[in-house]
Amino acid sequence: MSVVTRFAPSPTGFLHIGGARTALFNWLFTQHHGGKFLLRIEDTDRKRSSQEAVDAILDGLRWLELGWDGEPVYQFAQQARHAEVAHAMLEAGHAYRCYCSPDELTAMREKAKAEKRPIRYDGTWRDRDPSQAPAGVDPVIRLKAPQDGETVIDDLVQGRVTVQNAELDDMVLLRADGTPTYMLSVVVDDHDMGCTHVIRGDDHLNNAFRQAQVFMAMGWDLPVFAHIPLIHGADGAKLSKRHGALGVDAYRDMGFLPEAVRNYLLRLGWGHGDDEIISTAQAIEWFDMDGVGRSASRFDMAKLTNLNGHYLRNTDDARLVDLVVPLLADAHDSVVDEAGRARLLAGMAGLKERAKDLNELAANSVFYVRDGAQPLNDKAEKLLAGDARAHLANMANTFATLEPWTDDALEAAVREAAEAADVKLGKMAQPLRAALTGSNASPSLFEVMRILGRDETLARLRGQT
RNA sequence: GGUCCCAUCGUCUAGUGGUUAGGACGUCAGCCUUUCACGCUGAAGACACGGGUUCGAGCCCCGUUGGGAUCACCA
């Protein structure tokens, strides 16, 4: 039997990091087993669903490179089918009409709460004859759930979980207005889509029991469930916007690479021995549910950042240039021309060693693409205080006739000058760096000068004197 | 509150009855070095607690404590 999984977000907001991990696990699971990864948009809550959210989720999945099979299924469009199943259950005696008003139900709950009894529907209409129905009340259809025995879920992550049927009440399948509830829709859609595995957040574990009852009432095969633990914020509390429950687009904007985010999310709650850096191909080969832990994990921005730095350093220079050029234009007001692009490409190896994310990479790259005297940051300003500018002028004269224009020759010239002036190399090099890059930190000074070329180097040095 | 789930360094985890409890991120120290990074070396740092079972328990059982999820005509 071929594996079919689905990712089923509600389009009520962006694709947050927890949803992204759920999608990743579903995707990896199907890639590993050679199955199909389907997408279902659970848009039955018309008030909270929006097309913008659908787009954001799709964009997020695309950015993470988690491709799905076929067209997304929109749950709202399946309404008639869901209602049909509810009526079939009614016919078969697995469901019944309930005429309780919302007020009555509220009163029922209040009473149960006051008496410290479990809060659940008391089955008022379960065995009552429909002839006793009050006039003018549209009934809901409730599941006629088994009252004795227990329901068992053999969960791939949580193990065998059992709940007494007496703990479960008769949930609503079809509302008074004839629309299906989520609990019904999920089951029907999972069945109709042929899902063999349902991999989702463990906030759904409790729902699984009632959903299992619907599957059984319809005589359908139960999918294999895998409820994966939720991701918490750094403080251990539920993920909130303050610490990571951002949309994946926010991580893209923070300059993270999709492969770094995937690797991080994979290791959050899943392990394979001591392995940390895991390529997507390797992940597909290794991934399975038995490696998934059962406890919630905390989101750690520092580790994501570290991983991102690793992937950045191992990314092809040309791809990084392509990623950085738009950032230079947008955030640094520097439109990159052909010459700038060539410098960027030449300097990228040195640049990428020093950045943790694309934004930092772009910021550190600006000096390569902005011609002329560089604006100085505070530390660069200090480096050029005192007699430093005089050294600059001397060095410029030396460089004017230096041959060949190579890292080694450049370094030799600067070392010689430092010796002649009887100062340490740093004393000579740092002011040069400040003038050339506008900063106190940069890639190798000699590499910078080589890439900038003689004319630009001289222009920048003389521009500061 | 009922039900369900969870519990190894600050964080992510390895560990399935016998280990000096391992790795990674982070932290600290040092090396490298023209700066900043990278890299390298080293250090500190954990089995929540209490009972069992066993020759022996981080691993098995029970309880306690702590955390989480869920209890709608939302999804």
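For the reader, a short list of remarks on this structure follows.
- Peptides A:431-437, A:111-117, A:191-197, A:270-276 ranked from most to least packed, by the mean per-residue count of other Cβ atoms within 10 Å: A:431-437, A:191-197, A:270-276, A:111-117.
- Segment A:1-66 versus segment A:174-242: alpha-carbon centroid distance in Å: 14 Å
- Electrostatic tally near A:E403: other residues with Cβ closer than 15 Å to its Cβ, Lys and Arg +1, Asp and Glu -1, net -3.
- Helix-only arithmetic for chain A: the sum of -39500 (n - 2.57) across DSSP H runs with n ≥ 4, divided by the residue total, places the mean residue ellipticity at 222 nm at -15000 deg cm²/dmol.
- FRET efficiency, A:Q147 to A:W286 (Cβ-Cβ, R0 35 Å, nearest 0.05): 0.20
- Span per principal axis, largest first, for the Cα atoms of chain A (Å): 107, 43, 40
- Using the average count of surrounding beta-carbon atoms within 10 Å as a protection proxy, the listed peptides A:205-218, A:296-309, A:19-32 rank, highest first, as A:19-32, A:205-218, A:296-309.
- Legend: calculated FRET efficiency, A:V161 to A:S131, from the Cβ-Cβ distance at R0 = 45 Å, rounded to 0.05, equals 0.65.
- Cα gyration tensor shape of segment A:368-457, rounded if a/c is under 1.5, else prolate or oblate by comparing a/b with b/c: oblate
- Each residue of segment A:99-112 is assigned a 3J(HN,Hα), and the resulting list reads 9, 5, 7, x, 5, 4, 5, 4, 4, 4, 5, 4, 5, 4 Hz, derived from the Karplus form 6.51 cos²θ - 1.76 cosθ + 1.60 (θ = phi - 60°), x at Gly and Pro.
- On the basis of the beta-carbon distance and an R0 of 41 Å, A:K47 and A:T124 show a calculated FRET efficiency of 0.90.
- Prolate/oblate/rounded call for segment A:70-173, Cα gyration tensor, a/c under 1.5 rounded: oblate
- Virtual spin-label span in nm between A:Q79 and A:A349, 7 Å along Cα→Cβ: 6.2 nm
- Candidate cross-link partners of A:K238 among the aspartates and glutamates, defined by an alpha-carbon separation under 19 Å and a same-chain spacing of 8 or more, comprise A:D202, A:D203, A:D300.
- Three-way shape call for segment A:270-313 based on the alpha-carbon gyration tensor, with the a/c threshold at 1.5: oblate
- What you get for chain A, charging only the Cβ of Lys and Arg (+1) and of Asp and Glu (-1), is a dipole of about 1020 debye around the Cα centre.
- Each Lys and Arg adds +1 at its Cβ and each Asp and Glu adds -1 at its Cβ; summed about the Cα centre, segment A:229-312 shows a dipole of about 460 debye.
- Segment A:337-360 and segment A:278-325 have Cα centres spaced 21 Å apart.
- Built amide H within the under 5 Å cut-off of A:M171, gap 5+: A:L143
- Of A:K113/A:K144; A:K356/A:K424; A:K36/A:K352; A:K352/A:K427, pairs whose Cα-Cα distance is over 29 Å: A:K356/A:K424; A:K36/A:K352
- Chain A: antiparallel DSSP beta bridges as a percent of all, rounded to 5: 55 percent
- Rounded to the nearest 20 debye, the dipole size of segment A:1-85 about its Cα centre is 200 debye, using +1 on the Cβ of Lys and Arg and -1 on the Cβ of Asp and Glu.
- Percent accessible area from carbon and sulfur atoms, segment A:293-448, protein chains only, probe 1.4 Å: 49 percent
- In terms of packing, defined here as the mean over residues of other Cβ atoms within 10 angstrom, the peptides A:358-371, A:324-337 line up highest first as A:358-371, A:324-337.
- Segment A:S279..A:D408, full-extension length gain: 42.7 nm, with 0.36 nm per residue of separation and the alpha-carbon distance subtracted.
- For chain A, the relative contact order works out to 13 percent when only alpha carbon pairs closer than 8 Å and six or more residues apart are counted.
- Here segment A:349-380 is scanned for amide nitrogen atoms under 13 Å from the site 7 Å beyond the Cα of A:N440 along Cα-to-Cβ, giving A:377-380.
- Take chain A with all the other protein chains still there, run a 1.4 Å probe, and you get 47 Å² of accessible area per residue.
- Length gained on full extension, A:T106 to A:W63: 11.0 nm, using 0.36 nm per residue less the C-alpha separation.
- The stretch between A:A373 and A:A459 holds 30.3 nm of extra length on full extension. This uses 0.36 nm per residue minus the Cα-Cα distance.
The values are calculated or read from the model by the stated rules, or taken from the named source; none is laboratory data. If you're wondering where the values come from, they're calculated on a predicted model, not measured in any experiment. Positions of Cβ are backbone-derived with ideal geometry, glycine not excepted, and every protein chain shown enters the neighbour counts. Heads up: the accessible areas ignore ligands, DNA and RNA and are worked out on the full protein's heavy atoms, side chains in. Shrake-Rupley method; radii C 1.70, N 1.55, O 1.52, S 1.80 Å.
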